[in-house]
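Asker: Below is one structure. I have some questions about it.
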Amino acid sequence: MSNQDTKVGKEASDLPRRNFLRILGIGAACTGAMVSAGSLIAKEQVNESATAPPPPKIPNYDWNKHKWAFGIDATRCIGCLRCVEACKAENGVAQDAHHFRTWVERYVYLEGEDKPRIDSQSDPQNIAASGSEKEFRFDNRYKDAKVEKAFFVPKLCNHCTHPACVQVCPTGATYKTKDGVVLIDHSYCIGCEYCVQACPYGAREFNHVLGVTDKCTWCYHRITKGLLPACVEVCPVEARIFGDRNDPQSPISLFIRNNRVAVLKPETGNAPNVYYVGIDKDVS
């Protein structure tokens, strides 16, 4: 049995306990506050009695010495979706066209239109073009159109400095590590989906099989061993950049220093740690 199978089996065995905690936790949280997609619960309200999970013990890794960050160069991305496939394979994400830890959006500006047309690999036309929900590609719907501008935008969890998802979690299942990565301890998750509603980037999804939320972890199991996230490693055009901001010569430090970078939805106050080059105001 593989490590992934063992993990899934353990999480599945926790379902009865988790379902009970979900009912209990949702009821308790609802009496203290209500959450909507456009609002946040104060951290003091939701986490006052939450028991946070113990930090992961990782041999030969000191998370006090690192400050991880991610970069996206949209001028390089070719929409090949190898990053999506690698993420699914590495992290055991469901092999269908509707569950992703990372995804890619296509922005197309047609002549005479002010707003872009936006689609991703989960768009029905793109699913039909691939011929399988286990393979991903963008169709050629604009081959006869007058395109003024087009580009691809990879997206993933922003691992924010002030993550709204952490603030609203009633059990402490979602937490931020000292090296800047936001993780989920599924043994503490009660499936209330408050974090899904609070995330302004749509970076979280609900796993209906296990009854827990899921998201990108920047392949934490890899980066703490000195490896790159799977999506970064497979990108053929180096559109994804990752590294330690505590190292001024790391790829991400150089990327931020040498480019005019932007983050998504800065007005939310979440302070994302995914930095973009080559996007415009219509990307959010």
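Asker: Once you've got the Cα coordinates, tell me which of Lys155/Lys178; Lys88/Lys265; Lys115/Lys178 are over 28 Å apart.
Answerer: Flagged as over cut-off: Lys115/Lys178.
Asker: Follow-up question, since we're still on this one. For a quick check: with amide H placed at 1.01 Å from N, whose amide H comes under 5 Å from Ser120's, ignoring anything fewer than 5 positions away on the same chain?
Answerer: Arg106
Asker: While we're on this one: Applying the Karplus parametrisation 6.51 cos²θ - 1.76 cosθ + 1.60 with θ = phi - 60° to the phi angles of the range 110-124, what ³J(HN,Hα) value in whole Hz is obtained for each residue in order, glycine and proline being reported as x?
Answerer: Those phi angles translate into 8, 4, x, 10, 8, 10, x, 8, 10, 9, 9, 5, 8, 5, x Hz.
Asker: Order the peptides 267-278, 127-138 from the highest to the lowest mean number of other Cβ atoms within 10 Å of their residues.
Answerer: Top of the packing list down: 267-278, 127-138.
Asker: Could you pull out every one of the aspartates and glutamates with an alpha carbon less than 20 Å from that of Lys281, ignoring same-chain neighbours closer than 8 positions?
Answerer: Correct list for Lys281: Asp73, Glu105, Glu111, Glu113, Asp114, Asp119, Glu148, Glu267.
Asker: On to the next question. Using the alpha-carbon centroid of each, what span in Å lies between the range 223-284 and the range 149-222?
Answerer: Computed from Cα coordinates, the inter-centre distance equals 17 Å.
Asker: Sticking with this one: What list of ³J(HN,Hα) values in whole Hz, one per residue of the range 85-97 in order, does the Karplus curve 6.51 cos²θ - 1.76 cosθ + 1.60 (θ = phi - 60°) give from phi, with Gly and Pro shown as x?
Answerer: Couplings: 5, 5, 4, 4, 5, 6, 10, x, 6, 3, 7, 9, 8 Hz.
Just so you know, all these numbers are worked out from the coordinates, no wet-lab data involved. Just so it is clear, the model here is predicted, and its values are computed rather than measured. Reconstructed Cβ throughout: ideal geometry from the backbone, glycine too, with neighbour counts over all protein chains shown.
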